[in-house]
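Notes for the one structure printed next.
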Amino acid sequence: DHVDSAQICPDSKRIRLVSTRTNIGKNHGYTLGGKTYLYPEEALYFLEIGKLEILLDRISLSVERGRSLLLKADHTPNDSFDGSACVVSEYTVYKYLAKQGYRPRRPNYVF
């Protein structure tokens, strides 16, 4: 099986795709400064199905650790979108649609 590799950037908390052996980078995420980044829900989904390894400080994340870093319980009134986490309910919908063969996409945000 082919597994892609991503790294959580410590400064921005964005998930940068660093090694691609599949089409994840072509079909998911966004490009910023010539580099491909995944949204948290995409990265967690691919981690859960074994298609992505996510590194933090050169240590591979378990699915449980990935969930704790990439999901948050709920929106707070002063949320500003930084792309570093998604709400559990949103991830649940993303995962369901992805399993059905859809490719859910976020609207384009300006970072």
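Here, each number is a calculation from the coordinates, and none is a lab measurement. Computed from a predicted structure; not experimentally measured. Ideal geometry is used to build each Cβ from the backbone, glycine not excepted, and the neighbour counts take in all protein chains shown.
Taking Cα centre as origin and charging only the Cβ of basic (Lys, Arg, +1) and acidic (Asp, Glu, -1) residues, the dipole magnitude of the chain rounds to 320 debye.
Partners of residue 95 within straight-line reach, counting lysines whose Cα lies under 21 Å from its Cα and excluding those fewer than 8 residues away in the same chain: 26, 51, 72. Each residue of the stretch 23-37 was assigned a 3J(HN,Hα) from its phi angle through the Karplus curve 6.51 cos²θ - 1.76 cosθ + 1.60 (θ = phi - 60°); the sequence is 9, 3, x, 7, 10, 9, x, 8, 10, 9, x, x, 10, 9, 10 Hz, with glycine and proline shown as x. In order along the stretch 49-65, the phi-based Karplus estimate (6.51 cos²θ - 1.76 cosθ + 1.60, θ = phi - 60°) of 3J(HN,Hα) comes to 8, x, 9, 9, 9, 10, 10, 10, 6, 6, 10, 6, 7, 6, 4, 4, 5 Hz; Gly and Pro are listed as x. The helix-based estimate of mean residue ellipticity at 222 nm for the chain, built from -39,500 (n - 2.57) per DSSP H run of four or more residues and divided by its residue count, is -8000 deg cm²/dmol to the nearest 500.
Quarter the surface of the alpha carbon convex hull of the chain and you get the mean projected area, 7.2 square nanometres.
Taking 45, 96, 37 as the candidate residues, the one with maximal mean-square fluctuation in a Gaussian network model of the chain, Cα springs under 10 Å, is 96. A cut-off of 5 Å between modelled amide H atoms, ignoring neighbours fewer than 5 places along the same chain, links residue 4 with 21, 52, 53. Once backbone amide H atoms are built at 1.01 Å from N, residue 32 has 37 as its partners under 5 Å, excluding neighbours fewer than 5 places away on the same chain.
Close amide-amide hydrogen proximity is noted between residue 72 and 86, 87, 88, each under 5 Å apart and 5 or more residues distant or on a separate chain (H modeled in the peptide plane; Pro and chain starts excluded).
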